[in-house]
Structure formats: structure tokens, C-alpha cells
Amino acid sequence: MSKKITLVGRLSFPSLFQPRAMEGAQPKYEATVLMEPSAPCIKAFMQEALEVLMSGKLSLSEEDARQLLKAKPPIKDGDQKQAQGYAGNYYITCRSTQQPDFYGPDKKRLDIEAAKKLFYAGCKVAVITTPWAYSKQGNRGVSADLLAVMFLGHGDAFSGRPIVDASDLPDADPADLDPGDFTAGAPVRATEPDPTDNWI
């Protein structure tokens, strides 16, 4: 069994009290942790992930294990995800079919009602996890099990809305736009291809 790793950071997109439904899979509780690039827990998790791939049912060589972690990193670059708090950080999502244990900053265990009042997207947490290797239908990698969540302190709450920047906006000359473009049910101009043709 892999050893427990403590991930310290900010909580994002939590599903701590109601498991999140996943297509074709059993619903799971989730906690995504945002971590600064210099956080020691990142290296600790990746080193344990390497050990997990080199032992157990996969038993990969060190070279193959490193290549797999590079191709499918369990800890991802937040700059590649447009969501509040992710830029400049790294993140990992921990999951479990069992609800995690909850603890306050004094290390005392919390009941569900107390935990609901304390945890929110954006608060500072320590998440206890263990990496484990999976191999299913040719798909291999490392996932993180969600064992416990400890409240460390308050932070700016995340809204959960995706971030929009200038690169998301269309290149449009206002002079080219007319009310017909925004009228509900307005037909597509005959001189332009129907954009819905490429949707499926």
C-alpha cells in the first residue's frame, strides 16, 4: 500500500457532502487542491506515484514509469485551465466512493453539519491522499484517493465561474453587426454556411 501524502493548498470544486455523478462510473466525492509550484507536497506525491507505478500490478521500469507520469501527470498545470485561482498554480483532484473524514484546524474531527459550515471553494486545506495505479482497457496512470480534509484557514471564496479573457472574445467590427444577428429565431444568412453543420 502506498503511503499517505498531505497536500496543502486551497480547495476548489469540492463535492465533499454529495458524491459527483460520473458518466459510466460510480459517483464519487471529490476535492481539488490548488498548490503553489514550490509546495513540497507536489514532489512528495510525484515520488510516491513513481513508486506505485514501479510496484504492484503494473511493476513498470523506472524509465517507463517516468514516461507515463510525464504523459499523464496526476498533478496538472493550472495555467492550462481557465478557472478562478488556477493561474500560476498546480492542481490535483482526489476522489473516493467513501465520504472523507473532516477535521478542524485543532485536529479535532468534525461531524457533517460542522464541516458543511466550514469548508467552501477557496478555503485553505490539508487533504490526506494516497496515490494508486490503475490499468483498465489499455488506459494506465495514477489517481489520488480522497481520505480526509482538514480546514487550515479562510481564503477568498471561488465563484466557480470560468474566467473569460480577451483571447475568448470574437474579432468583430461593431459596424458588421446589426440587430438581426441577435434576434431570437432569426434565420442564418443565406450567404453564410450554417454553423450548426459542424456541431456533430
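Kirkwood-based Rg over Rh for the range 5-153 (C-alpha set), two decimals? Please list the in-between numbers first.
Details: Rg = 15.5 Å, Rh = 15.9 Å.
Rounded to two decimals, Rg over Rh is 0.97.
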Under 26 Å from K117, Cα to Cα: lysines that are on another chain or at least 8 residues apart: K28, K107, K108
Given the pairs K43/K81; K4/K81; K3/K76; K81/K136; K43/K124, which are separated by over 24 angstrom at their Cα positions? K4/K81; K81/K136
Here the net charge surrounding K3, from other residues whose Cβ is less than 10 Å away from its Cβ (Lys, Arg +1; Asp, Glu -1), is -1
Translational D in µm²/s for the range 109-155 (Stokes-Einstein at 10 °C, 1.306 mPa s, Kirkwood Rh from C-alpha pairs): 124
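For the range 5-153, what is the charge dipole size about the Cα centre, in debye to the nearest 20, if Lys and Arg each add +1 at the Cβ and Asp and Glu each add -1 at the Cβ? Spell out each step's value before the answer.
Values: 19 positive and 15 negative charges, 50 e Å.
The calculated dipole for the range 5-153 is roughly 240 debye.
Every number here is computed from the coordinates shown, using simple stated rules; none is lab data. Quick caveat: nothing in here was measured; it's all calculated off a predicted structure. Cβ: placed from backbone, ideal geometry, glycine included. Neighbour counts: every protein chain shown.
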